[in-house]
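Student: Input: one structure, supplied below.
The values are calculated or read from the model by the stated rules, or taken from the named source; none is laboratory data. Everything quoted here is computed from the prediction, not taken from an experiment. Note that we place each Cβ from the backbone using ideal geometry, even for glycine, and neighbour counts take in every protein chain shown. For accessibility, only protein heavy atoms count, side chains too; no ligands or nucleic acids. Shrake-Rupley method; radii C 1.70, N 1.55, O 1.52, S 1.80 Å.
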Amino acid sequence: MERKRIYLCLAHMSEAGLEQKYIQEAFDTNWVVPLGPNVNGFEADLEAFVMNRKRVVALSSCTAALHLALLQLGVGQDDEVLCQSLSFCASTNPIAYCAATPVFIDSEKDTWNMDPVLLEHAILDRFAKTGRNPKAIIVVDLYGMPAKWDEIEEVGRKYDIPIIEDAANALGSHYDGKPCGVFGNIGTYSFNGNKIITTSGGGALICDDEETKKRTVFLATQARENAPYYQHEVIGFNYRLSNICAGIGRGQMTVLDDHIRHHRHLHELYLELLGKVEGITIQDNPSAKFDSNFWLTTITLDPSIHVRGQESLHPHYSDCEPNDNVEALRVILDQAGIEARPLWKPMHKQPVYKNAPAYVNGISEALFKVGMCLPSGPYVTDDDVHYIVNCIKEAIL
Ligand SMILES: *Cc1c(COP(=O)(O)O)cnc(C)c1O
């Protein structure tokens with residue numbers, strides 16, 4: 001019997017079909033609009049999830065949430081925003097939407113997230129070069145692993161620069177007992193199809209107070225002033241989450257804990273089966289303070305490890321790409337029906353951002369060359385993990 005292809009992380013609905021129940025309710029009551037009971041209910045569920053310490057706004061994507069977060073912090077033309085280089089482009093692109101300049105900061109080796117020491121160095125150097133502090137800092141909890149929040153928040157406070165937490169990957173992760181999404185001044189989540197939970201596409205902004213929430217909703221709904229006709233004093237956006245999508249979100253909140261448990265279980269299993277293989281290192285919590293949801297289990301492959309077929313690969317495309325053994329392993333897994341992917345390519349190595357200032361220590365680039373993401377989602381079974389691990393062992397031994 002042929003095996004079904006194994007993907008990194010697919011959307012997975014509740015067995016009780018609650019997503020459809022909430023969608024049906026929306027149809028039955030004709031709330032087929034970007035506001036309504038599901039939007040309010042989903043926001044309340046998320047607020048409960050962050051222990052009601054924060055207010056949450058449901059939006060059409062995490063990218064939109066990051067854009068609105070920057071606008072809330074007053075980021076505009078010619079401002080500089082410090083941003084983690086090792087991430088998906090959605091962490092950075094909203095800086096460009098604001099006509100501001102991204103300044104990339106490299107990672108530290110424990111969490112793969114923004115290096116707090118380099119962050120402070122960059123702030124001082126930007127001040128020396130421009131006479132101003134950067135306007136904001138965007139820090140990512142990559143693959144679910146929390147950043148070094150104590151150190152990073154300390155730097156933010158010292159220089160009085162607000163921080164945005166891109167927790168797109170980290171719904172359900174904790175740092176020092178607190179849920180990711182609540183660090184810094186504003187946080188964001190993603191509910192894209194491949195994340196911990198999905199609304200088929202959606203995101204959220206997490207903020208401290210009702211006033212910021214109201215302002216965010218205002219900006220997300222075309223900035224309509226309080227008048228009987230359409231009156232506009234600032235530029236707004238169409239970024240609110242649909243009541244239909246929010247219905248999916250409410251159903252997904254009932255399986256969130258199961259999803260998180262499953263991602264962590266798969267990570268444990270990878271550790272058990274693959275952890276002792278020479279030349280392979282599985283990314284893990286650096287200390288008891290960190291509690292990743294392990295959205296994706298990630299490995300690094302030592303350059304000395306030989307993978308079948310690595311010498312017959314095609315010519316290189318650029319000066320920054322995965323090592324031959326990593327690419328050969330990806331191809332072997334792909335042919336075995338397994339989706340595996342390199343890590344995010346650092347933004348400071350992306351042609352589109354080649355002119356942006358960057359403070360680098362070589363870590364994100366080195367990680368990109370040796371790293372790989374393995375299937376980790378709700379549809380991945382224990383049997384799949386055994387199969388994946390066997391394929392990897394056969395490819396390298
Ligand atoms: C997926 C992702 C985003 C963007 O989320 P969308 O909801 O798709 O806009 C932002 N940052 C990171 C790190 C992500 O992985």
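Student: Can you tell which of 173, 244, 127 lies farthest toward the positive end of the dipole of the stretch 18-255, using +1 and -1 charges on the Cβ of basic and acidic side chains (Lys, Arg; Asp, Glu)?
Tutor: Result: 244.
Student: Among bridges DSSP assigns within the chain, what percent are antiparallel (round to 5)?
Tutor: Working: 25 of 43 bridges.
Around 60 percent of the beta bridges assigned by DSSP in the chain are antiparallel ones.
Student: Here's a follow-up. Name the chymotrypsin sites (Phe, Trp or Tyr not before Pro) in the stretch 297-372 that are in a loop by DSSP and that have at most 10 other C-beta atoms within 10 Å, would you?
Tutor: When the chymotrypsin sites (Phe, Trp or Tyr not before Pro) of the stretch 297-372 are filtered for loop state and at most 10 Cβ neighbours within 10 Å, 317 remain.
Student: A follow-up question, please. Kindly sort 306, 314 by accessible area of their heavy atoms, largest first, with the probe set to 1.4 Å.
Tutor: Details: 306 95, 314 145 Å².
Highest to lowest solvent-accessible surface, that is 314, 306.
Student: Could you state the accessible area per residue of the stretch 249-290 in Å², with a 1.4 Å probe and every protein chain left in place? Before the final figure, lay out each step's value.
Tutor: Working: 2040 Å² over 42 residues.
I get 49 Å² per residue for this part.
Student: With charges only on Cβ, +1 for K and R and -1 for D and E, what is the dipole size of the stretch 18-255 about its Cα centre, in debye, rounded to 20? Display every interim value, and only then the final one.
Tutor: Details: 20 positive and 30 negative charges, 94 e Å.
Roughly 460 debye for the stretch 18-255.
Student: FRET efficiency for residue 366 and residue 232, Cβ-Cβ distance as r, R0 = 45 Å, nearest 0.05?
Tutor: Numbers: r = 48 Å, r/R0 = 1.08.
The formula returns an efficiency of 0.40 here.
Student: Just to confirm the filter: which GluC sites (Glu not before Pro) across the stretch 10-99 are DSSP coil and have at most 12 other Cβ within 10 angstrom of their Cβ? Please report the intermediate quantities before stating the final value.
Tutor: Details: sites: 15, 19, 25, 43, 47, 80; in loops: 15.
For GluC sites (Glu not before Pro) across the stretch 10-99 that sit outside H, G, I, E and B with at most 12 neighbouring Cβ atoms in 10 Å, the list reads 15.
Student: Just flag the trypsin sites (Lys or Arg not before Pro) in the stretch 1-45 sitting in loop per DSSP whose Cβ has no more than 14 other Cβ atoms within 10 Å.
Tutor: On the way: sites: 3, 4, 5, 21; in loops: 3, 4, 5.
Those satisfying the criteria are 3, 4, 5.
Student: First select every other residue whose beta carbon is under 13 angstrom from the beta carbon of residue 71; then total the charges, Lys and Arg +1, Asp and Glu -1.
Tutor: Around residue 71, the surrounding residues sum to +1.
Student: Another question, then. Just to be sure I understand: with springs between alpha-carbon atoms less than 10 Å apart, which residue in 351, 34, 322 has the highest mean-square fluctuation in the Gaussian network model of the chain?
Tutor: Comparing 351, 34, 322 in the GNM, the peak value goes to 351.
Student: Which is farthest toward the positive dipole end of the chain among 14, 298, 68, measuring Cα position about the Cα centre, with Cβ charges +1 (Lys, Arg) and -1 (Asp, Glu)?
Tutor: 68
Student: Placing unit charges on C-beta atoms (Lys and Arg positive, Asp and Glu negative, everything else neutral), compute the dipole magnitude of the chain about its Cα centre in debye, rounded to 20.
Tutor: On the way: 35 positive and 52 negative charges, 134 e Å.
The dipole of the chain has a size of about 640 debye.
Student: Still on this structure: Through the Karplus equation 6.51 cos²θ - 1.76 cosθ + 1.60, θ set to phi - 60°, convert the phi angles of the stretch 256-270 into ³J(HN,Hα) values in whole Hz; use x for Gly and Pro.
Tutor: Calculated HN-Hα couplings, in order: 4, 4, 4, 4, 4, 4, 5, 4, 5, 4, 4, 4, 4, 5, 4 Hz.
Student: Need one number for the chain: average projected area of the convex hull over its C-alpha atoms, nm². Please list the in-between numbers first.
Tutor: On the way: hull surface 85.0 nm².
So the mean shadow area of the Cα hull is 21.2 nm².
Student: Something else about it: Test of understanding: express the Cα radius of gyration of the stretch 35-114 as a ratio to 2.2 N^0.38 Å, with N the residue count.
Tutor: On the way: Rg = 15.3 Å, N = 80, 2.2 N^0.38 = 11.6 Å.
With N residues counted in the stretch 35-114, Rg over 2.2 N^0.38 Å equals 1.31.
Student: Quick one: 3J(HN,Hα) in Hz for the stretch 149-166, Karplus 6.51/-1.76/1.60 with θ = phi - 60°, rounded, Gly and Pro as x.
Tutor: Values, residue by residue: 5, 4, 5, 5, 5, 4, 5, x, 5, 4, 9, 6, 10, x, 10, 10, 9, 8 Hz.
Student: Further question: Note down the nm distance, to one decimal, between modelled labels 7 Å out along Cα→Cβ at residue 258 and at residue 211.
Tutor: With each label placed 7 Å out from Cα toward Cβ, I get 4.3 nm.
Student: Can you give me the long-range amide H partners of residue 59? Hydrogens built in the peptide plane at 1.01 Å from N, cutoff under 5 Å, separation of 5 or more residues or another chain.
Tutor: Answer set, sorted by chain and number: 203, 204, 205, 241.
Student: Considering all alpha-carbon pairs of the stretch 257-395, what whole percent are spaced by more than 23 angstrom? Don't jump to the answer; show the numbers that get you there.
Tutor: Working: 3677 of 9591 pairs.
That tail contains 38 percent of the Cα-Cα pairs.
Student: I've got another one for you. What does the extension gain come out to for residue 390 and residue 158, with contour length at 0.36 nm per residue minus their alpha carbon separation?
Tutor: Details: separation 232, 0.36 × 232 = 83.52 nm, distance 4.94 nm.
Gain in length upon complete extension: 78.6 nm.
Student: Given 5 Å bins starting at zero, what is the percent of C-alpha pairs of the stretch 50-193 in each, up to the one with the largest pair distance?
Tutor: 2, 11, 22, 25, 22, 13, 5, 1, 0
Student: Tell me, what does the Kirkwood hydrodynamic radius of the stretch 208-332 come to in angstroms if you use every pair of distinct C-alpha atoms? Working shown, then result.
Tutor: Details: mean 1/r = 0.0502 Å⁻¹.
Taking the inverse mean of 1/r over all distinct Cα pairs, the stretch 208-332 comes out at 19.9 Å.
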